[in-house]
Every structure is written in structure tokens, then in C-alpha cells.
Ligand SMILES: NC(=O)c1ccc[n+]([C@@H]2O[C@H](COP(=O)([O-])OP(=O)(O)OC[C@H]3O[C@@H](n4cnc5c(N)ncnc54)[C@H](OP(=O)(O)O)[C@@H]3O)[C@@H](O)[C@H]2O)c1
């Protein structure tokens with residue numbers, strides 16, 4: 001089967017399509033014939049080499065955390081999922097090899113009919129991350145939450161899920177994305193110098209929680225929240241220096257212990273999708289063979305939603 005791999009750090013051109021034997025589902029896992037999979041910004045950073053201190057590569061590296069497809073093997077102990085089911089999900093966090101014709105999923109849910117294969121492929125990471133962080137921040141009805149980086153693959157889902165909780169959502173993005181943020185249920189403002197003043201003009205009594213999906217602005221975000229405990233970042237490795245929690249799910253990295261995986265979010269996301277209350281914005285789709293172009297789009301830092309490979 002086709003897989004995506006790289007054997008050295010470098011630009012997207014180091015990515016290769018490599019034939020490998022098909023994997024098989026172990027206990028508690030399923031195998032899917034992949035219809036679509038995603039390109040995650042974290043993997044784009046890893047391939048470039050900028051993450052080598054935090055997450056050193058063992059070459060060759062295979063890529064892909066999330067996928068959507070049709071179940072064709074069910075591992076021992078799995079109940080409630082059958083061969084032929086359409087699902088979306090993710091590999092084990094220690095595996096990440098879903099940019100391939102077959103993927104072994106450790107976390108999955110039924111694909112909502114309301115989502116295309118591309119949307120389903122991009123859902124798992126954004127949904128899981130959003131539940132993990134919104135739950136930790138205890139975002140609920142009547143709260144005001146700031147999502148920094150609300151136009152990206154993660155922030156665009158976090159903004160919708162915060163709005164579904166009846167929170168007031170303020171989101172940051174460049175001006176070209178402000179109508180997009182409104183369509184997600186967020187009040188837009190721009191990021192960059194003056195952020196504290198702009199947010200406090202919108203919310204003069206302050207915000208209850210800040211979900212940072214962008215990085216690079218923690219002093220401002222702490223000032224807006226009034227307390228570092230009300231800020232969680234998934235994108236800023238300087239978090240500890242600001243007293244802010246860096247939420248991640250990777251064991252053995254020098255960014256503090258992993259948080260528990262918010263697997264329950266997938267079930268709720270399926271219900272919301274079927275009610276038409278959650279969509280997964282897709283910034284672009286590419287054939288698997290054009291994975292380098294997909295990495296280019298993600299690496300530009302301005303994708304409006306998820307970057308997806310169609311298999
Ligand atoms: N730790 C975890 O568990 C975890 C999980 C998921 C993601 N992440 C990390 O979180 C980050 C975001 O992920 P993602 O999937 O949302 O990335 P993404 O889709 O690539 O984000 C692109 C978006 O970022 C916005 N952006 C660029 N610069 C910004 C800035 N300075 N301030 C605010 N927004 C800015 C862009 O908006 P404009 O085009 O309008 O500028 C664009 O919409 C990545 O670093 C990723 O690795 C971590």
C-alpha cells in the first residue's frame with residue numbers, strides 16, 4: 001500500500017510516497033480503507049526540523065494522525081463497530097501513519113452523514129483538542145471566551161464548540177477572515193499589537209477563559225484573562241515561563257506530562273454534526289500524491305481550516 005514518509009528534515013520536497021506492507025488491527029483497534037486523511041501543522045513543523053529539540057525524529061518518519069474511511073478489519077475486543085462501517089478517527093499518538101491506503105485507528109466514531117469524507121478526516125484532532133481545553137477551562141453558558149487563532153483548523157472548531165456551550169466567543173484572525181469567524185458564531189478581532197485593548201473594548205469586564213491556538217502572544221493573553229490559570233495554550237512552547245498550561249497528549253516530551261485524551265468529544269461532535277451545529281472547515285484538498293503541496297499550504301500559516309488528502 002502507499003504511505004507518506006520522509007527520511008531527513010527539510011522542505012516539503014523531502015516527502016515521498018513509499019510502498020509498504022499493509023498493517024493489521026491489533027486488540028482494541030480497527031483498520032480502515034482510507035478515503036481521506038489530514039496534514040497536521042505539528043507534523044509540518046516536525047518535518048521541517050524546527051521541532052527536533054522537543055520531538056526528535058527517528059527516520060524514516062511516516063505521517064498522518066487523522067483519517068476517515070471504511071472499516072475493513074476489527075481487532076480483538078472491539079465492540080459496536082463492524083466491517084463496512086464508515087468512520088473517522090485517529091491513530092495512537094505514538095503511531096501517526098494515517099496518510100496511507102490503510103490506517104490503524106485507536107480512536108474513532110461513526111462518520112456523520114452531514115460531513116464529507118474530507119470534513120470527517122479533519123475532525124478528530126480539532127474536536128479532541130477543543131474538548132480537552134474547553135473542559136479544562138470549564139467554559140460554559142454565560143462565559144466569555146477568547147479563541148486566539150480562531151480561523152485555523154483547531155480554532156475554527158473550538159470557536160463553534162464554545163458557542164454551542166452558550167458562551168460568548170471572541171476570536172482572533174486577520175481581517176480577511178472576520179466574516180468567516182462570524183459564520184462560526186464568534187465576534188472577530190485582529191491579532192497583533194493592541195490585542196489587549198481591542199479585546200477589552202469588546203468585553204469591558206474581561207474574559208473568563210482564553211484558548212490559545214496560535215502561540216506568540218501569551219503576555220497579552222494573560223493580561224486579558226487576568227490570571228494565567230484562565231489561559232491554556234496548545235501552540236506555545238514558552239507556556240511554563242508565563243505560568244500557563246500547555247495542553248498536549250504526547251508522552252515523553254519536555255513540555256510537561258500529557259493531558260488525558262478527550263475521547264468523549266467525538267461522540268458529542270457526531271450528534272452536533274447531525275444537528276447541523278458543527279462543521280469542519282476545510283482549507284484545501286489534495287490527492288495523496290500531492291502531499292508536498294498540502295504541506296506547503298499548511299506551512300504558510302494561514303490555512304482557513306484543515307488541510308486534507310483525498311485517497
Ligand atoms: N498541543 C496540542 O494538543 C495541539 C493540538 C492541535 C493543534 N496544535 C497546534 O496548534 C496550532 C494551531 O493548529 P491549527 O490546526 O489551528 O493550525 P492552522 O490551521 O495551521 O492555523 C492557521 C491559522 O492560524 C491563524 N494565525 C496565523 N498567525 C496567527 C497569529 N499570530 N495569531 C492568531 N492567529 C494566527 C491564521 O489566521 P489568518 O490567516 O487570519 O492569519 C490561520 O487561520 C499549531 O501550532 C498546532 O501544531 C496543538
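Among residues of the range 154-201 being part of a loop (DSSP other than H, G, I, E, B) and over 21 Å from residue 307 (Cβ atoms), the one that is nearest to the ligand (Cβ to nearest atom) is 192.
Consider the range 253-271 and keep the residues that are part of a helix (DSSP H, G or I) and surrounded by 18 or more Cβ atoms within 10 Å (Cβ to Cβ). The one that is nearest to the ligand (Cβ to nearest atom) is 265. Applying a threshold of 6 Å to beta carbon distances and a minimum spacing of six or more residues, or different chains, the list of pairs starting in the range 299-311 at a residue that is free of Cβ contacts under 8 Å to residues at least 40 places away in the same chain and over 15 Å from residue 281 (Cα atoms) and ending at one that is assigned to a loop (DSSP other than H, G, I, E, B) and within 8 Å of the ligand (Cβ to nearest atom) is empty. Please indicate, with yes or no, whether at least one residue in the range 38-57 is surrounded by fewer than 17 Cβ atoms within 10 Å (Cβ to Cβ), away from the ligand (no atom under 16 Å from the Cβ) and modelled with pLDDT under 95. Scanning the range 38-57 turns up at least one residue that is surrounded by fewer than 17 Cβ atoms within 10 Å (Cβ to Cβ), away from the ligand (no atom under 16 Å from the Cβ) and modelled with pLDDT under 95.
Report yes if some residue within the range 66-80 is within 18 Å of residue 154 (Cβ to Cβ), part of a loop (DSSP other than H, G, I, E, B) and modelled with pLDDT of 95 or more; otherwise report no. Looking for residues that are within 18 Å of residue 154 (Cβ to Cβ), part of a loop (DSSP other than H, G, I, E, B) and modelled with pLDDT of 95 or more, one finds none in the range 66-80, hence no.
The values are calculated or read from the model by the stated rules, or taken from the named source; none is laboratory data. Please read all numbers here as calculations on a predicted model, not as lab measurements. Virtual Cβ from ideal backbone geometry, glycine too; neighbours counted across all protein chains shown.
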